[in-house]
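I have placed the structure first, in the form of structure tokens, so that the comments after it can refer back to it.
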Amino acid sequence: MHDSNLQRPWYKRIRLFGDQPVGLIFSAPYIVFVLAIFAYPFIFAIYMAFHDYFFTAPGVQANKPFVGFKNFQTVLTDPDVLQSFRNILVFLIINVPLTVVLALVLATVLNKGIKWAAAFRIAFYLPYITASVSLVGVWMILFSQDGLINAFLGRFAPNPSWLVNEHLAMPSIALYVTWKQLGFYILLYLAALQNVPQELHEAAEVDGANSFQRFIHVTVPGVRSTTTLVLILAIITGANLFTEPYLLTNGGGPDGASTSPVLLIYQFGIQQQNPDLASAIGMVLVILVGLLSLFVNRLNKER
Amino acid sequence: MHHTSKIRVALRHVVVILAALIFVFPFYFMIIGAFQQNPTNTPDRLFPMSGWTLNNFIAINSRISLLGSLFNSLVFVVGVLLGTVTFGLLTGYAVSCLKFRGKGFVWILMMLVQMIPFQLLMIPLYVQIARNYGLGDTYIGIILPFAINTTAVFIFAQFFKALPPSIFEAARIDGAGELRILWSIAIPMVRPALVTAVLVTFIGPWNEFLWPFLITKNTSMQPLAVSLANFISSVSQSMANPNGAILAGATVLAFPVVVIFCVFQKYFTASDIGSATKG
């Protein structure tokens, strides 16, 4: 290595840019891509949120003054915005426990040895990899007023029907998302279950624990870090809701009962042409998600 | 003891089969309904024997151009794949096998991309790409934010890192350039990673709705996910019985991904897809 270095011409021996400076050229397109598509818009979003930013005709320069926290004040006192955050809370209250319990139970059952396990894994995973637009179309028909679900429920069918009922619109979305994402979480838990030592199960069995007790006292603590990951991913998914309220409940209806912050970002930023307010909602959302994720992570570490 | 364990095994299968039915049923409903004159809304007609038709596909095709939308989806996906495979492989190789100044910075950028949520970026990206660069309703505008899939870069880097460095050293001493080493030595050794990365990269843009929805107003430029959404939310309301047409469109959009997933099942792992399809 050192000998070969001596034989190199002087300009290669200096190695100002490392042993293989060509690496910088290889990574250059990616560096430019991330700076242009992620870093710059990120800073631009923060800039817009603190300025009175509006769209101008191409080539026209207009003064876009700094306004401090005014945009934040506007969005945080807007009842629609507050409602959308409350909706996400409703979503999480339904989606998170359902997801954690169902995914863990199904993963545990799959892990215990089942015939045709591969086929079941495919079945559970199908909704996750399929386009949301397709599946929302199917659910819309299934859960419509005269749909199959209501026909099945007969006189127990809710009135007004699921997607147009202000108390059921958001729970319907939560149910849909749970169904769509569950396969992914099952696979996460399946991977985690491989790392729970078999000896623990055996020891508990010797101590006379039945399979439910073993599930609660061995399996659940054994996959705790995965549960934290599942919680954080579920929070991020909830914060990201757009396609579902846009299509499934026809634009966050009825009467805003299922609007999401991202739907409002779209409406504020593009339909009403207030990108500054939209960016402010985006920042509030990101900060809330960050805080919630930190909190969940802290809970995991404390125990 | 033996008796109870048999019951337990049976119970396990019942739970899993019930769950699998709930997962698969909407797909069954979608496919059957797509080929039925009147998709059922009552439980007693869930197993139709007659009434098969292709008219639903003709009906939706008369309102949105199925072939045109499929072509746009394909261009979107191929553009993302080309960008990801070429630049992603170069970057993945560089950060895992080469020593150069700025390598740490590239790793930081890769982490950064995983952390910044798209919902914060969608408005500034829209302003930038549609307003400032005038790339609304163009393929470049649709592709640009997805052009290099960072998850694929991570997959490439992870696989390159697992290769023994000695083979690269040997090739270097023989005077091979880095591009040649990458092309003739490194890439052939990570073929499975290539397949996984391509599959994972394919699914994201094919299913993506939000960004192409923002950036395309012209229906002739819309990928299928967007034109189907438009059909569901507005166009279908002018039809007497749009359910069959909606299910036909949903089937066309879902079909390629479902088939690819079933065929290449073993190449998918949870962690890869999870971070890639977030968009």
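The values are calculated or read from the model by the stated rules, or taken from the named source; none is laboratory data. Small disclaimer: the values here were computed from a predicted structure and weren't measured. For neighbour counting, all protein chains shown are included, and Cβ atoms are generated from backbone atoms with ideal geometry for every residue, glycine included.
Here are some conditions: (1) surrounded by 12 or more Cβ atoms within 10 Å (Cβ to Cβ); (2) modelled with pLDDT under 95. A:VAL100 meets all but one. Which one does it not meet?
(2)
For the range A:287-303, which residues satisfy the criterion of being part of a helix (DSSP H, G or I) and touching a residue at least 24 places away in the same chain (Cβ under 8 Å)?
Across the range A:287-303, the qualifying residues are A:LEU288, A:VAL289, A:LEU292, A:SER293, A:VAL296, A:ASN297, A:LEU299, A:ASN300.
Kindly list, by first and then second residue, each pair from a residue in the range A:96-111 that is farther than 13 Å from A:PHE124 by Cβ to a residue that is at pLDDT 95 or above and surrounded by fewer than 20 Cβ atoms within 10 Å (Cβ to Cβ), limited to pairs with Cβ atoms under 9 Å and residues at least 6 apart or on different chains.
A:LEU98/A:LEU175
Among (1) touching a strand residue (DSSP E or B) at 6+ places or on another chain (Cβ under 7 Å); (2) assigned to a loop (DSSP other than H, G, I, E, B), there is one condition A:ASP276 misses while meeting the rest; what is its number?
(2)
Does A:LEU35 satisfy the condition of being at pLDDT 85 or above, part of a helix (DSSP H, G or I) and assigned by TED's automatic domain parsing to the domain that holds A:PRO245?
Spelling it out, it is not the case that A:LEU35 is at pLDDT 85 or above, part of a helix (DSSP H, G or I) and assigned by TED's automatic domain parsing to the domain that holds A:PRO245.
Scanning for something facing chain B (nearest Cβ under 10 Å), in a helix (DSSP H, G or I) and of a type in the set (Lys, Arg), does the range A:204-216 turn up at least one residue?
no
Is it true that some residue in the range B:240-248 is at pLDDT below 90, within 13 Å of the chain's Cα centre (by Cα) and either within 28 Å of B:LEU89 (Cβ to Cβ) or more than 8 Å from chain A (Cβ to nearest Cβ) (or both)?
No: the range B:240-248 contains no residue that is at pLDDT below 90, within 13 Å of the chain's Cα centre (by Cα) and either within 28 Å of B:LEU89 (Cβ to Cβ) or more than 8 Å from chain A (Cβ to nearest Cβ) (or both).
Taking the criterion of being more than 10 Å from chain A (Cβ to nearest Cβ), of a type in the set (D, E, K, R), assigned to a helix (DSSP H, G or I) and without any contact (Cβ under 8 Å) to a residue 60 or more places away in the chain, would at least one residue in the range B:168-178 satisfy it?
no
Given the condition within 30 Å of A:TRP179 (Cα to Cα), within 22 Å of the chain's Cα centre (by Cα) and either touching a residue at least 24 places away in the same chain (Cβ under 8 Å) or within 14 Å of another protein chain (Cβ to nearest Cβ) (or both), answer yes or no: does some residue in the range A:41-56 qualify?
no
Looking only at the range B:187-246, which residues are over 18 Å from B:ALA152 (Cβ atoms) and outside any helix (DSSP H, G or I)?
Passing the criteria: B:PHE209, B:THR216, B:LYS217, B:ASN218, B:GLN222, B:PRO223, B:SER234, B:MET239, B:ALA240, B:ASN241, B:PRO242.
If we keep just the residues of the range A:131-144 that are free of Cβ contacts under 8 Å to residues at least 24 places away in the same chain and under 18 Å from B:PHE23 (Cα atoms), which is nearest to the chain's Cα centre (by Cα)?
Among residues in the range A:131-144 that are free of Cβ contacts under 8 Å to residues at least 24 places away in the same chain and under 18 Å from B:PHE23 (Cα atoms), the one nearest to the chain's Cα centre (by Cα) is A:ALA131.
Which of the residues spanning the range A:145-201 are without any contact (Cβ under 8 Å) to a residue 40 or more places away in the chain, among the aromatic types (Phe, Trp, Tyr) and over 26 Å from A:GLY256 (Cα atoms)?
Of everything in the range A:145-201, just one residue is without any contact (Cβ under 8 Å) to a residue 40 or more places away in the chain, among the aromatic types (Phe, Trp, Tyr) and over 26 Å from A:GLY256 (Cα atoms), namely A:PHE152.
Evaluate the range B:42-62: report whether one residue or more is modelled with pLDDT of 90 or more, more than 8 Å from chain A (Cβ to nearest Cβ), assigned to a helix (DSSP H, G or I) and farther than 30 Å from A:ASN150 by Cα.
Yes, that holds for at least one residue.
Given the criteria in contact (Cβ under 8 Å) with a residue 24 or more places away in the chain and not small (Gly, Ala, Ser), does A:ILE216 qualify?
No.
Give the number of residues within the range B:87-115 that are over 23 Å from B:VAL198 (Cα atoms) and either within 8 Å of chain A (Cβ to nearest Cβ) or of a type in the set (Asp, Glu) (or both).
Of the residues in that region, 7 qualify.
How many residues does the range A:19-38 hold that are at the interface with another protein chain (Cβ under 7 Å from one of its Cβ atoms) and either surrounded by fewer than 16 Cβ atoms within 10 Å (Cβ to Cβ) or not hydrophobic (A, V, I, L, M, F, W, C) (or both)?
Counting residues in the range A:19-38 that are at the interface with another protein chain (Cβ under 7 Å from one of its Cβ atoms) and either surrounded by fewer than 16 Cβ atoms within 10 Å (Cβ to Cβ) or not hydrophobic (A, V, I, L, M, F, W, C) (or both) gives 7.
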